[in-house]
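Worksheet: one structure, shown below.
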2 protein chains.
Amino acid sequence: MTEDLMTIREMCETYDVTPRTLRFYEAKELLFPIREGQKRLFTKSDRARLKLILRGKRFGFSLEEIRQLLDLYHVGDQQLTQMSRTYEIALERLADMEARREELTQAIDDLKEQLRWGEKVIASMKNEKKAAE
Amino acid sequence: MTEDLMTIREMCETYDVTPRTLRFYEAKELLFPIREGQKRLFTKSDRARLKLILRGKRFGFSLEEIRQLLDLYHVGDQQLTQMSRTYEIALERLADMEARREELTQAIDDLKEQLRWGEKVIASMKNEKKAAE
DNA sequence: CATGAAGATGACGTTTACGTAATGCGAACG
DNA sequence: CGTTCGCATTACGTAAACGTCATCTTCATG
């Protein structure tokens with residue numbers, strides 16, 4: 001069976017990142033690979049985290065913001081007060097993300113409209129060109 | 001009637017940016033304020049562009065990418081071939097943005113599920129606490 | 001006319017997110 | 001058994017996106 005652990009090279013090929021990036025994320029406490037001697041071995045949890053990191057980046061979150069988001073997925077041994085605070089932060093994040101989606105939808109609609117206008121311009125330019133021949 | 005032109009200070013207050021930012025965007029050819037002597041005066045077009053810039057940033061686009069997007073809204077005097085190329089780029093952007101929205105929707109759903117789990121954890125912790133008293 | 005507020009222009013500093021050597025080390029291989 | 005491979009660490013470099021200073025005009029105003 002496929003081992004639950006991956007080397008740094010395997011990670012790089014799977015997720016299209018450089019070793020430097022993975023070490024950097026570890027230094028920033030976004031990933032926590034275990035060690036076999038010197039070498040890093042990335043767990044399933046690390047892979048799940050990495051996916052979330054890469055997704056977060058695509059939406060313009062900073063690594064620090066992503067780190068906070070990741071914590072939401074790795075509580076479980078927290079105290080009640082801590083947990084509640086985390087929960088509140090998560091609610092804010094959710095609202096933020098939903099607002100972003102709204103905005104993105106608006107941007108998409110704008111661009112679509114612009115494209116329709118572009119189609120008309122192109123069509124009219126083609127006509128002019130034909131008329132000039 | 002409100003003048004069609006705004007000073008740099010008015011722009012800053014309206015859009016919550018610094019003068020430095022506006023000058024920087026001009027240097028990067030994202031904005032093209034006109035000059036009254038030395039002073040910059042921002043047109044309606046500049047304001048429309050700035051809104052798009054700020055929106056683009058919220059979605060993790062680089063200023064260079066945003067500059068290319070902005071061009072889509074300011075063609076009109078292009079050649080046919082140029083126009084067609086621009087149109088193709090716009091289509092790619094659109095696909096990109098729609099993919100992003102899909103992903104964002106997925107992330108929102110994930111977070112919502114996580115929150116439901118969090119609610120249960122908090123509830124059980126409260127019970128334990130009460131039982132211990 | 002002095003001055004002070006608003007804006008301009010360099011020029012250098014800063015943070016984020018890695019890139020890029022330089023160097024070292026253990027295992028595997030010819 | 002030397003050397004190459006893969007990975008490690010340390011440290012300096014870099015591009016993007018502004019922040020921060022210092023210095024200079026230009027008006028409006030007391």
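Rounded to the nearest Å, what's the spacing between the alpha carbon centres of region B:1-47 and region A:99-133? Just the number, please. Region B:1-47 and region A:99-133 have Cα centres separated by 27 Å.
Listed cross-link partners A:Lys57/B:Lys39; A:Lys44/B:Lys112; A:Lys44/B:Lys120; A:Lys57/A:Lys120 are compared with a 32 Å cut-off, the Cα-Cα value being larger for A:Lys57/B:Lys39; A:Lys57/A:Lys120. Scalar couplings 3J(HN,Hα) for region A:36-44, obtained by applying the Karplus form with A = 6.51, B = -1.76, C = 1.60 to θ = phi - 60°, are 10, x, 8, 5, 7, 10, 9, 8, 4 Hz; x denotes Gly and Pro.
Only the Cβ atoms of Lys and Arg (+1) and of Asp and Glu (-1) were treated as charged; on that basis the dipole of chain A about its Cα centre amounts to roughly 480 debye. With K and R counted +1 and D and E -1, the other residues having a Cβ less than 10 Å from that of A:Phe42 yield a net charge of 0. Does chain B classify as rounded, prolate or oblate by the C-alpha gyration tensor (a ≥ b ≥ c root eigenvalues; a/c under 1.5 gives rounded; else a/b over b/c gives prolate, otherwise oblate)? Verdict is oblate for chain B.
Ligands, DNA and RNA aside, A:Ser45 has an accessible area near 50 Å² when probed at 1.4 Å. Ranking of B:Glu65, B:Glu102 by solvent-accessible surface, largest first: B:Glu102, B:Glu65 (1.4 Å probe, protein heavy atoms only, all chains present). Distance between the 7 Å Cα→Cβ label points at B:Ser62 and B:Glu113: 3.4 nm.
The values are calculated or read from the model by the stated rules, or taken from the named source; none is laboratory data. Bear in mind that the values here come from a model prediction, so they are computed numbers and not experimental data. Ideal geometry is used to build each Cβ from the backbone, glycine not excepted, and the neighbour counts take in all protein chains shown. These area figures cover heavy atoms from the full protein model, side chains too; ligands, DNA and RNA do not enter into them. Shrake-Rupley method; radii C 1.70, N 1.55, O 1.52, S 1.80 Å.
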